[in-house]
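Peer 1: Please read through the structure below; I'll follow up with questions.
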Amino acid sequence: MVALLLELVAIASYLLARMQSTDSSPGASKRVHRPRRHLTDAERGDTGTEYFNSRYEQAKQLIASGRVKPTLRALQRELQPIGQQTATRYLTALVDAGVLRRDGRRYILAQVA
């Protein structure tokens, strides 16, 4: 029984020493956590609908003229590279501006309806 306890103490001390040495071992990862820096609209580029809005104005012209359907995929295809969030923001801004309106899940031109 004493031999079993001594063996358990030896294993526990070995594991404890190993856990403490993993931080400074040569094979340990030296990666330092750096917080992610969020980009401003100016750094991100033209994704806004108010200040940096040349692509938004282009999307508005294309949709109002009927050359592009008011869908996420059509906007993403026409204004590459553009993300889904940006395309959604453009369509929502066009609804707020009165160019489009929602019909269920779809967007349609407000003048046609």
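Peer 1: Under a Cβ-Cβ cut-off of 15 Å, what is the net charge of the residues other than residue 105 that fall near it, where Lys and Arg count +1 and Asp and Glu count -1?
Peer 2: +4
Peer 1: Tell me whether region 53-113 comes out rounded, prolate or oblate; compute the Cα gyration tensor, take square roots of the eigenvalues as a ≥ b ≥ c, and use a/c under 1.5 as the rounded threshold.
Peer 2: prolate
Any read-out appearing in this document is the output of simple, stated calculations on the displayed coordinates, not a laboratory observation. These numbers come from a predicted model, not from an experiment. Neighbour counts are summed over all protein chains in view; Cβ atoms, including those assigned to glycine, are modelled from backbone coordinates with ideal geometry.
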